Every structure is written in structure tokens, then in C-alpha cells.
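The values are calculated or read from the model by the stated rules, or taken from the named source; none is laboratory data. This one's a predicted model, so the numbers in the text were calculated from it and none came from an experiment. Neighbour counts run over all protein chains shown; Cβ positions are idealised from the backbone, glycine included.
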Amino acid sequence: MTQPQTRTLLHHLLEAPEVNGASWPRFRVLWRHMAGDAAKELLEPKLANVRASESTYRRWLAGTHLARGDTATILEWYFGKSAEALAQPVPVREIVRPRPLDRRTRTAARALDYTWPTSRHVPGEPDVGVHGTWELAGGRHFDGTTIGVQLYEAQPRGDMVEVSETDLPHLRSFVRSSRRGVMLASLGAAGGKGLYVMDAALARQSLVAGQDPRVPLAYQLDDLTYAIVWAMHVLDDGLLADDHPLSDRADELRHYVKISNSAPPRTDMPDLSPVGAAWLGSSLCAQYIVRHLDDLSDVPAFWTREATGEECAPWLFFRHKHDYLQSVASRFAGPASPLGRAFCVPEAAVRSTEPYERVLLFLTVAMMEMHGIKVWISSAPEYTQTEGFVLAQDRAILANWVREESVWRVATTSARRDVAPYQEAIEHARAHSLVDGQTPADRLQALAAYLGLDWRWLVSRCRTLGEEGLSSMLRPRSRLLTLQALDQTLRFLGAVGRQNSGR
């Protein structure tokens, strides 16, 4: 086995970017400053006149000669290490440096800082092999996260962008890390615009298979792809942080599903992050509702408390959410079924959120429509605090975890006085829905207009992104997340957009 290369600590310290004095011409200049400064600081004027020859300097670097006397004093003062330590060998870490980025690519990278308020790009230090980071700030409810990021120049190849072969050594080095990261490819040097995103783990799979990583044009960063990237990473890292506590609570969760009502305070579970608490509350509510569905003789109406894209993000990625929607649809959905779900999204909630976050809300509603659940949108502020519930005739099943002081609150009631407010809320949403169209396409187009989203652009982007599939762009790490239902929703929107444009 080959031994790792070594060099002296002095050589290593002189190569640091802030010193940059490993070559003899640079060291000779540096030494004059070192000697002069040491003379002033140590109050020993004679040190300013101490000289070092090139041959002596090279022996110091090689560790074959130990600095003595005044030269040792200067070296030890400047580096804060003993002459003996400076002569000792240290391991050499091989650094694979990326190519310098084109000016247009650097400009595109700066867009990460001002296009989305929850995005901040911190460039790396190429000379010392440190990759950049992409800070994804949290919103009103969930914590943010930070992932590794590296930018590369790319060339267009049909409907793909391809990283240059000269960047592959550095890309291999970047994707070897087990930390979460993404590769951003730029067409700046080729005269193109924008950044194209791919998970580092997926880039590594291509390299292992002997293929050069190619990023589909559909993966260009915009409000749609950023919304998905942001939401998935925030949820994924939050769940991974709580993996053990969530696993430990599996039996506890099964117990709570079986009892008639419960509302454990958030203080009972201080070890959970906001995302972990959201998953636990959402999972309990879904199981509680499904357990009571067989008791319903009529098609129920649902009320959802989520009013922003951040609150809706769990619908798009939590695996149990999709199982729950499929369970509801298999029981009640049909061409003539009155099955529906109401949202309360006041104008203030729309105005206070960024377009990318409104995209998440739009995708959530589209997912409901895809499952045959007609959506009603109320803008009445007085219903903002109405908790999530299921209504069937004179019975209400309460199940809410959104904006709750408790981790969740579930209960059932048939008392007329208790059920009346929920009946009123559903009747109001049905009668005054802002998206009361005849078809899913009509309702979704009306929703896009209400949210200030470009309908044609949105369904076109959803179509191209759905055709490529998210699993070639992102890779969740938590087993509690899935991209499958969101992929289906993107394709559904693409098909709905075609139908609507043809009318």
C-alpha cells in the first residue's frame, strides 16, 4: 500500500492562501516582513537584520535542517510553533480544484441570493478544496437547512446540459462526500442562462455507471423547481434529525389512534423539531380519520386548515398523506360523487407569501383534484382559524395539527351545537368558492389566477418536469418521504393544461 505524501509543517503553513510564501522569491519578501515585525514586537532590533539563504530555506522546508538562534526566534514568533514542530512532517491532503467560473456563471449564482428570500449561496474556497453551501432558510413554521453545492460550467446537448469533461475529476471529488449536496450546472460560458440542478447522489450514480452526468433542461431552477427543492430538503432534514424519537413513538401513536379524543401539548414532546412534530401530528390525524371512515354512511366533506405553501408542503412529500388520499378516494371518489375538500386562503395569506410558496399551495390543490376530490377555496378571513375536520351528515370528525398548541387534536362529536359551525363552514365554502368551475382544469386555472401565478407557464413547466420525473433530480433520504405522488401530480397538471388549452 502506498504511503501518503508528507511535507513539513512549515511547508504546509507557507502554502496557506493568506501566506502564499512557499516559493523562494515570495519567501524572501515575506522573510523581510517577518524579521522586521518580530524585531518590533519582541523589542529586539537586531532581528530586523537577520537573513536566510535560499539553501537554508530549502533545508527548512525539507526538514533536514532545524532553525536555530535568531532565525528560530523569528519563525516561532510568526507561526506560533516551535522550530522543532515546524520541522516535523504532516500529511498532505490532495486538493482537486475546480475550474474558475465564467463571469456569467458567477452572476447566475448571485441570483440565488436575491431571487428567493429563503435562499442564500455561500461560495466555497476552491484553493483549499472547500465546497460552497446553499442555505435554505425556514419559513413561519419549519426550520431551515444547509446543503453543499458546487457550480460547474456546462454545454447544451439537445434537451440536456452536460458538465465539461475537464470538470469530472472535481465532480468525482465533490460527490464522494456522504453529506447532502447538489450540483448546479450553468450555461453561462456557453451563452445560455439559468442554473440546472441535480442531487449530488444522482450525479455520483451516473459516474459510477461510467456515464457523464447530464441534467435535463426541465431541471432549470425557477419558482417551480426551487419550491420543490426547498420544501423537500427542509422536510427531509427535519425528519432525519428526528428519526430516532419518531421511531420510538410508533407504539404511542398506535395507542392514540384507538382512543376517542386526544390533544397532547407540544411541551410533552420537546425533543421533536417542528418538522418531526408536523409529521407525527399529520400521521395521527390521517390514521384517526381513516379509522372512522367505515362508520360514515354518506360521502363526507373535508376541511383543511392549511393556507400557505409551507403548511401545504407535507401533503406533497409525506408518504402517509398519499396513502390517506388514496384511501379516501377509493371509498368515495367517482364521476358523480360530491366528495370535496375546502381550504380557507384569505387574500392576506396570498399577498404575504412569495410566488414559489404559492406554487406549493397550487400543487397541493392539484393533488386533491387528481384524486377526484373537488376543491373549494374560501377567502373569508373569519374561517382562517377553523380546524381541520371531516363532516358527514350530523357528525364531525375533528383532526388538526396545523397551527395547534398541541401536537395534534382529534375528537368526534355528534352534538348538534358542536357540529353546526362545521356545517356552516362547509356550506359557505361550497356557496362562495373562488374556484367554482365545472372541471378540475377550470378550478385550477381559477386558482392560479387568484394566486397570481401564470397558468400557461405553470402547466407547461409541470408537464416537462413530470415527463422527466423528479427522481432524476432529487433523492429524499428519509423513508417517510416520497416523490411519486408529486410526479403524478405534475403529469396530471400537464394533461389538464392540454385539455384546457384545447377548449
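State all residues of the range 171-206 that are in a loop (DSSP other than H, G, I, E, B) and among the small types (Gly, Ala, Ser); if no residue qualifies, say none.
To start, the set of residues in the range 171-206 that are in a loop (DSSP other than H, G, I, E, B) comprises 176-180, 187, 191-194.
Selection gives SER177, SER178, GLY191, GLY192, GLY194.
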State whether one or more residues within the range 144-151 are outside the structural domain of GLU15 (by TED's automatic domain parsing), modelled with pLDDT of 90 or more, under 19 Å from MET232 (Cα atoms) and of a type in the set (A, V, I, L, M). yes
Quick one: is SER414 in contact (Cβ under 8 Å) with a residue 24 or more places away in the chain, out of contact with any Gly (no Cβ under 7 Å at 6 or more places or on another chain) and of a type outside the set (A, V, I, L, M, F, W, C)? no
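Starting from residues that are of a type in the set (Gly, Ala, Ser) and over 25 Å from ILE377 (Cα atoms), keep the ones in the range 256-309 and report whichever is farthest from the chain's Cα centre (by Cα). Give the steps one after another, and end with the answer.
Let us first name the residues in the range 256-309 that are of a type in the set (Gly, Ala, Ser), namely 260, 262-263, 273, 276-278, 281-283, 286, 297, 301, 307, 309.
In the following step, the residues that additionally are over 25 Å from ILE377 (Cα atoms) were identified as 260, 262-263, 273, 276-277, 297.
Values: SER260: 37, SER262: 32, ALA263: 30, SER273: 16, GLY276: 15, ALA277: 18, SER297: 42 Å.
By that ranking, first place goes to SER297.
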Conditions: (1) crowded, with 17+ Cβ neighbours inside 10 Å; (2) outside the structural domain of CYS312 (by TED's automatic domain parsing); (3) farther than 30 Å from ASP237 by Cα. THR464 meets all but one. Number of the miss? (3)
Output for the range 207-265, where each listed residue is outside any helix (DSSP H, G or I), among the small types (Gly, Ala, Ser) and either touching a helix residue (DSSP H, G or I) at 6+ places or on another chain (Cβ under 9 Å) or under 30 Å from HIS292 (Cβ atoms) (or both): SER260, SER262, ALA263
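Given the structure, is ARG403 part of a loop (DSSP other than H, G, I, E, B) and either without any contact (Cβ under 8 Å) to a residue 24 or more places away in the chain or under 29 Å from MET269 (Cβ atoms) (or both)? Break it down into steps so the answer makes sense when it comes.
Details: part of a loop (DSSP other than H, G, I, E, B): yes; either without any contact (Cβ under 8 Å) to a residue 24 or more places away in the chain or under 29 Å from MET269 (Cβ atoms) (or both): yes.
Judged against the criteria, ARG403 is a match.
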Of residues in the range 162-181 being surrounded by fewer than 21 Cβ atoms within 10 Å (Cβ to Cβ) and not charged (D, E, K, R), the one farthest from the chain's Cα centre (by Cα): THR166
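May I ask you to list the residues in the range 152-177 that are of a type in the set (Phe, Trp, Tyr) and at pLDDT 90 or above? First the steps, then the outcome.
Taking the range 152-177 first, the residues of a type in the set (Phe, Trp, Tyr) are 152, 174.
Listed by number, the list holds a single entry, TYR152.
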What are the residues in the range 98-157 that are in contact (Cβ under 8 Å) with a residue 12 or more places away in the chain and hydroxyl-bearing (Ser, Thr, Tyr), if any? THR105, THR107, THR115, THR118, SER119, THR133, THR145, THR146, TYR152
Across the range 442-458, the tally of residues that are under 16 Å from LEU217 (Cα atoms) and either surrounded by 22 or more Cβ atoms within 10 Å (Cβ to Cβ) or among the β-branched types (Val, Ile, Thr) (or both) stands at 1
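Does LEU272 meet the test of being part of a loop (DSSP other than H, G, I, E, B) and not basic (Lys, Arg)? I'd like the intermediate steps shown before the answer.
Details: part of a loop (DSSP other than H, G, I, E, B): yes; not basic (Lys, Arg): yes.
Considered against the rule, which asks whether it is part of a loop (DSSP other than H, G, I, E, B) and not basic (Lys, Arg), LEU272 comes out as yes.
How many residues are part of a loop (DSSP other than H, G, I, E, B) and β-branched (Val, Ile, Thr) when one looks only at the range 57-112?
Restricting attention to the range 57-112, the residues satisfying the condition of being part of a loop (DSSP other than H, G, I, E, B) are 63-68, 80-82, 87-88, 92-102.
Narrowing the set further to residues that are β-branched (Val, Ile, Thr) leaves 64, 92, 95-96.
Residues meeting the conditions: 4.
Working only within the range 133-161, note down all residues that are of a type in the set (Gly, Ala, Ser) and surrounded by fewer than 18 Cβ atoms within 10 Å (Cβ to Cβ). Steps first, answer last, please.
Step one: filter the range 133-161 for residues of a type in the set (Gly, Ala, Ser), giving 137-139, 144, 148, 154, 158.
Of everything in the range 133-161, those that are of a type in the set (Gly, Ala, Ser) and surrounded by fewer than 18 Cβ atoms within 10 Å (Cβ to Cβ) turn out to be ALA137, GLY138, GLY144, GLY158.
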If I ask for residues that are in a helix (DSSP H, G or I) and within 19 Å of the chain's Cα centre (by Cα), which ones from the range 473-494 would you list? GLN484, ALA485, LEU486, ASP487, LEU490
Matching residues in the range 182-211 (over 18 Å from ASP102 (Cα atoms), small (Gly, Ala, Ser) and surrounded by fewer than 17 Cβ atoms within 10 Å (Cβ to Cβ)) number 3
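Any idea which residue in the range 422-433 is nearest to LEU284 (Cα to Cα), counting only those that are surrounded by fewer than 17 Cβ atoms within 10 Å (Cβ to Cβ) and in contact (Cβ under 8 Å) with a residue 12 or more places away in the chain? Steps first, please.
First, pick out the residues of the range 422-433 that are surrounded by fewer than 17 Cβ atoms within 10 Å (Cβ to Cβ): 423-424, 427, 430-432.
Applying the additional criterion that residues be in contact (Cβ under 8 Å) with a residue 12 or more places away in the chain yields 423, 430, 432.
On the way: GLN423: 24, ARG430: 27, HIS432: 31 Å.
Ranking the candidates gives GLN423 first.
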